Amino acid sequence: MKNILVIGAVAAGTKAASKARRESMDVNVTVLTRDEYISYAGCGLPYYIGDVIKSKDELLVKTPEAFKKEFDIDVLTHHEAIDILPEAKKVVAKDLKTDKIKEFKYDKLILATGASPFVPPIKGVELNNIFTLRTVSEAIKIKQLINTGKVKNAVVVGGGFIGLEVAENLTERGIKTAVVELLDHVLPMYDKEMALLVQNELMEHGVDVITGEAVEAFEGDSDGNVKYAITPSKKIPADMVIMSVGVRPNTELAQKAGIELGDTRAIKVNHNMETNIEDIYAVGDCAENINLITGKPAWFPMGSTSNKTGRIAAINLFAENAERDELRGVLGTNVVKVFNMNAAKTGLTEREAVKEGFDVETVIVPADDRAHYYPGYKKIVTKLIADRKSHRVLGAQIVGEGVVDKPIDIIAAAITFGARVDDLAKLDLAYAPPFSSAMSSTITTANVWLNKVADKVKGISPIEAHEKLSDKNVMFIDIRAEEEYMVKTIPGAVNIPKGRLKKELKDTPKDREIILICNVGKNAYLAYLTLKHMGFEKAAILEGGINAYPYELQ
Amino acid sequence: MPEKHINCRGMQCPGPIVTLFKEIKTLEPGDIITIEVTDFGFKKDINAWCKKTGNELLSLEEKDNVITAKIKKT
């Protein structure tokens with residue numbers, strides 16, 4: 001019987017092993033892992049710490065015993081693969097419990113070695129109570145420490161998905177939490193103005209957000225427990241630190257065996273998940289991806305992609321050429337919850353699209369996630385990124401208290417099928433008041449984009465508007481009702497409700513630069529048309545209005 | 001002390017705040033007004049509004065997707 005050997009037993013490894021069994025009953029399937037826990041829900045770890053998930057057992061999808069019983073798959077835990085011998089088709093592994101060296105023969109080998117948290121060499125990083133959060137074992141230690149009640153202050157280093165989920169969960173447990181992010185905003189993979197909306201949500205819930213700074217050192221007490229995180233401007237109390245600056249693919253084993261790495265330093269694979277060495281596949285977080293839009297190498301260590309690649313490799317173990325399964329590329333679609341706010345993204349950011357040489361046009365459009373008369377509707381803000389010439393959809397980000405995963409999935413599907421913004425605007429989407437609006441947020445956003453590209457309206461982004469605040473030549477006009485203006489507006493804006501624009505601006509020079517502000521941009525669009533009709537040459541609307549403006553209001 | 005109840009469910013911005021403004025003008029200091037709103041943006045707005053107008057926000061509750069604010073005119 002042929003031997004299928006898998007190294008790694010979280011998402012991609014166990015997926016590959018169980019799919020291999022479903023493809024063939026005539027093979028031996030063996031899985032090696034150095035960890036104690038297998039097949040666990042790694043993405044659930046922050047919620048385990050937050051006690052949303054009470055017991056670690058809820059995170060464990062399947063035990064080694066279950067794999068044996070249900071699939072006749074041998075899962076060997078505490079077995080660390082230390083060498084691959086491609087010529088001899090063998091893997092050398094060490095039994096970590098007995099220190100015994102064992103050899104495993106394979107006909108086909110699948111590498112699912114995953115990724116590990118990157119820990120920068122910060123002074124004091126070896127102090128007690130500084131953790132990374134990647135495995136169940138780490139999560140258990142963190143939760144035990146929190147359960148002692150001694151953690152009053154915590155610092156999270158890195159404002160990516162894990163960092164923000166941890167910050168939320170620590171805060172919910174009554175721990176005063178600070179997030180330190182090197183970039184000038186949290187969620188580094190998002191465009192700034194969208195990420196700032198999430199950042200505001202963190203701060204409103206009492207999280208200290210320190211951006212544009214790195215932790216330079218940790219200071220401990222005489223017992224060697226961490227007490228402070230030091231940044232250039234702050235000394236932050238910390239009874240516990242979570243390092244979440246990112247992960248790196250585990251490629252050491254592959255490299256040693258002569259397996260080629262890609263530009264992203266993850267294992268290079270073709271669409272069939274094959275490495276450069278025959279009969280060796282790489283799947284999950286250790287493998288490189290292709291960006292579906294650019295066709296260039298990318299690396300998205302995501303559970304959703306891991307499972308797919310595991311399945312593809314398993315099918316290809318047995319497939320004839322014509323039947324081989326493949327993954328043409330991924331978009332890096334993601335979604336995250338931060339307190340009451342949800343954020344989702346697919347495809348390229350504006351920054352990435354510009355860098356790739358596209359003729360980029362973007363819009364920012366707030367909308368309700370369902371009918372405004374159906375209780376429970378919430379706001380979401382959509383940013384759409386597309387190419388001016390071809391109208392090809394390149395990416396989107398959606399942030400808000402409402403449903404964001406549905407519209408981002410619609411756009412992810414559209415990008416996958418090569419849609420233009422025009423196609424997006426005409427999609428026939430499900431509608432009834434409890435679910436959506438007659439003109440869904442996606443369709444509205446596509447229409448605004450088309451209006452902008454057709455020069456029907458000139459918009460300026462929240463970031464540009466913010467930069468112009470100090471420019472005395474620019475006139476900010478809040479065209480909403482006086483009552484709304486009083487509650488909050490952009491600093492320095494004057495209030496001219498839209499009905500009075502004609503009268504009050506009749507003596508204003510027509511070359512005056514004017515930025516029109518309303519709540520979402522729709523009334524400002526009407527006002528813009530009025531001003532254009534009056535002859536104003538340099539009028540523009542604030543895209544996304546007050547709703548999407550992430551800076552200080554007064 | 002007279003209490004007034006207004007229903008702004010289904011109203012989008014600026015509906016609730018503008019309505020509240022109008023209604024509160026008809027009240028005497030010490031009177032209480034309760035407003036029901038389904039626009040979630042109202043939660044932040046009402047706090048800012050009370051601070052700026054000096055009226056007192058007695059309570060702000062969210063139940064079954066309806067926000068109920070109780071305000072005392074000062």
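The values are calculated or read from the model by the stated rules, or taken from the named source; none is laboratory data. As the structure is a computational prediction, the values presented were derived from the model and not from experiment. Glycine also receives a Cβ, built like all others from the backbone with ideal geometry; neighbour counts cover every protein chain displayed.
Summary of values
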read-out	value
Residue within the range B:30-39 that is free of Cβ contacts under 8 Å to residues at least 60 places away in the same chain and under 14 Å from A:Met486 (Cα atoms) present	no
Test: residue in the range A:452-473 that is under 23 Å from A:Leu529 (Cβ atoms), surrounded by fewer than 19 Cβ atoms within 10 Å (Cβ to Cβ) and in contact with a helix residue (DSSP H, G or I) (Cβ under 6 Å, 6 or more places away or on another chain)	no
Residues of the range B:62-74 that turn out to be more than 14 Å from chain A (Cβ to nearest Cβ), surrounded by 14 or more Cβ atoms within 10 Å (Cβ to Cβ) and either modelled with pLDDT under 95 or farther than 16 Å from B:Phe42 by Cβ (or both), as a count	2
Qualifying residue in the range A:352-360 (condition: within 14 Å of chain B (Cβ to nearest Cβ) and either surrounded by fewer than 21 Cβ atoms within 10 Å (Cβ to Cβ) or not small (Gly, Ala, Ser) (or both))	no
Number of positions in the range A:490-521 that are in contact with a Phe, Trp or Tyr (Cβ under 9 Å, 6 or more places away or on another chain), assigned to a loop (DSSP other than H, G, I, E, B) and within 13 Å of chain B (Cβ to nearest Cβ)	2
Lone qualifier among B:Lys25, B:Lys72, B:Lys4, B:Lys52 - being over 25 Å from A:Tyr373 (Cβ atoms) and in contact (Cβ under 8 Å) with a residue 24 or more places away in the chain	B:Lys72
Where B:Ser59 falls short, out of the listed (1) in contact with a Lys or Arg (Cβ under 8 Å, 6 or more places away or on another chain); (2) of a type in the set (S, T, N, Q); (3) within 14 Å of another protein chain (Cβ to nearest Cβ); (4) loosely packed, with under 15 Cβ neighbours inside 10 Å	(3)
Count of residues meeting criterion [surrounded by 19 or more Cβ atoms within 10 Å (Cβ to Cβ) and either without any contact (Cβ under 8 Å) to a residue 24 or more places away in the chain or more than 24 Å from B:Thr53 (Cα to Cα) (or both)] in the range A:484-494	2
Residues located in the range A:393-411, provided they are crowded, with 24+ Cβ neighbours inside 10 Å, out of contact with any helix residue (DSSP H, G or I) (no Cβ under 6 Å at 6 or more places or on another chain) and either among the acidic types (Asp, Glu) or more than 14 Å from every other protein chain (Cβ to nearest Cβ) (or both)	A:Gly395, A:Val404, A:Ile408, A:Ile411
Residues satisfying the stated conditions in the range A:111-142, i.e. closer than 17 Å to A:Pro237 by Cα and modelled with pLDDT under 95	none
Residue, farthest from A:Val283 (Cα to Cα), within the range A:314-346, restricted to residues that are among the β-branched types (Val, Ile, Thr) and not in a loop (DSSP other than H, G, I, E, B)	A:Val338
Residues satisfying the stated conditions in the range A:180-207, i.e. part of a loop (DSSP other than H, G, I, E, B) and aliphatic (A, V, I, L, M)	A:Leu182, A:Leu183, A:Val186, A:Leu187, A:Met189, A:Val207
Residue in the range A:507-528 that is buried (at least 24 other Cβ atoms within 10 Å of the Cβ), closer than 28 Å to A:Asp191 by Cα and of a type in the set (D, E, K, R) present	no
Test: residue in the range A:478-489 that is under 19 Å from A:Gly544 (Cβ atoms), away from chain B (no Cβ under 14 Å) and aliphatic (A, V, I, L, M)	no
Those residues of the range B:26-56 which are under 21 Å from B:Gly10 (Cα atoms) and more than 14 Å from chain A (Cβ to nearest Cβ), in sequence order	B:Ile33, B:Thr34
Condition met for A:Val365 (more than 14 Å from every other protein chain (Cβ to nearest Cβ) and not charged (D, E, K, R))	yes
Flag for A:Ala540 being on the phi < 0 side of the Ramachandran plot, under 35 Å from the mean Cα position of the chain (by Cα) and part of a helix (DSSP H, G or I)	no
Whichever residue in the range A:84-110 is acidic (Asp, Glu) and not in a strand (DSSP E or B) and, among such residues, is farthest from A:Thr33 (Cα to Cα)	A:Glu87
Filtered residues of the range A:170-179 (kept if outside any strand (DSSP E or B), among the polar types (S, T, N, Q) and buried (at least 22 other Cβ atoms within 10 Å of the Cβ))	none
Selection from the range A:180-206 of residues that are more than 26 Å from A:Ala465 (Cβ to Cβ) and buried (at least 24 other Cβ atoms within 10 Å of the Cβ)	A:Val180
Any hit, the range B:12-25, residues being touching a Lys or Arg at 6+ places or on another chain (Cβ under 7 Å) and of a type in the set (Phe, Trp, Tyr)	no
Selection count, the range A:17-58, where residues are of a type in the set (S, T, N, Q), crowded, with 20+ Cβ neighbours inside 10 Å and part of a loop (DSSP other than H, G, I, E, B)	2
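Yes/no per residue for (1) at pLDDT 95 or above; (2) within 30 Å of A:Gly149 (Cα to Cα); (3) over 28 Å from the mean Cα position of the chain (by Cα):
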| site | (1), (2), (3) |
| --- | --- |
| A:Ala41 | no, yes, no |
| A:Ile49 | yes, yes, no |
| A:Lys54 | no, yes, no |
| A:Thr63 | no, no, yes |
| A:Ala81 | yes, no, yes |
| A:Leu85 | yes, no, yes |
| A:Asp95 | yes, no, yes |
| A:Phe104 | yes, no, yes |
| A:Asp107 | yes, no, yes |
